[in-house]
1. Could you give me the residue pairs with C-beta distances under 8 Å whose first residue belongs to the stretch 160-176 and is without any contact (Cβ under 8 Å) to a residue 12 or more places away in the chain, whose second residue is hydrophobic (A, V, I, L, M, F, W, C) and open to solvent by 40 Å² or more (accessible area, probe 1.4 Å) wherever it lies, and which are 6+ apart or on separate chains?
2. Collect the residues in the stretch 77-135 that are among the β-branched types (Val, Ile, Thr) and either at pLDDT 75 or above or part of a strand (DSSP E or B) (or both), keeping them in residue-number order.
3. Look through Lys50, Lys19, Lys63 and report the one residue that is modelled with pLDDT of 75 or more and either touching an Asp or Glu at 6+ places or on another chain (Cβ under 8 Å) or assigned to a loop (DSSP other than H, G, I, E, B) (or both).
4. Could you please give the count of residues in the stretch 167-179 that are over 18 Å from Ala99 (Cα atoms) and either among the small types (Gly, Ala, Ser) or open to solvent by less than 50 Å² (accessible area, probe 1.4 Å) (or both)?
5. Among the residues in the stretch 136-149, are any open to solvent by less than 70 Å² (accessible area, probe 1.4 Å), assigned to a loop (DSSP other than H, G, I, E, B) and either modelled with pLDDT under 90 or not basic (Lys, Arg) (or both)?
Amino acid sequence: ETSTQPSSHDSEQPQGRGKRIKRPNSQLRDFETYMITVEDEGGTSEEINKAIIEELHQMIKMKVFQPVSSAEATIKPIPSRMFVKKKLDSNGNLVKWKARYVAGGHRQLRDDEINTSSPTSNRSSVMMIAAIAAHESRVVATADVKCAFLNAHMNTDVFMKIDKQISQLLLSIEPSYQQFINDDGTIIVKLLRALY
């Protein structure tokens, strides 16, 4: 359970990171649980639920995970968390609310064969390509592939726990998951594809 009151150290910069601290949206108290964070102000419960359901629907469509019984989880499940924030256009106007479901990879057991890092481009490489393109008067374009990260298959067993509140929304999309509900309302899934 998280507190909605800022603590005395919230205004301080965290050591080693130049990032600002985001507080959950205080208007949506029903979403202020440990597993769902609404990062921006101004959304309704319906808009937030719609964004979460859209994200979960995409994960079911891409077969990101499959539900398992507690007995089938051979290693301790890692936690998961849903982040919801506004997606804005270039003029700062609201396009939609966007949810991103993430796995607590920091709790994942590490061994020599597991690489938990995400492949991303180096900033200096991107700047060098832009400089070459400008020097040669080339046309440059970008493309956004929806859920591109969800295409990486898992080759090790990783289990994840889905919180009660998210489980209820998941059941509205996929009622067959009802048989996997635990006594505390959570669902344990085996990840078939890498998650954020």
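1. That search, which allows pairs on different chains as well, returns Leu171/Ile181.
2. Those that are among the β-branched types (Val, Ile, Thr) and either at pLDDT 75 or above or part of a strand (DSSP E or B) (or both): Ile78, Val84, Val95, Val102, Val126, Ile129, Ile132.
3. Answer to the selection: Lys63.
4. Residues in the stretch 167-179 being over 18 Å from Ala99 (Cα atoms) and either among the small types (Gly, Ala, Ser) or open to solvent by less than 50 Å² (accessible area, probe 1.4 Å) (or both): 2 in total.
5. The answer is yes; a qualifying residue exists.
The values are calculated or read from the model by the stated rules, or taken from the named source; none is laboratory data. Quick caveat, the model's predicted, so the values are computed rather than measured. No Cβ is skipped: glycine too gets one built from the backbone with ideal geometry, and neighbour counts run over all protein chains shown. We work out accessible area using only protein heavy atoms, side chains counted, and drop any ligands, DNA or RNA first. Shrake-Rupley method; radii C 1.70, N 1.55, O 1.52, S 1.80 Å.
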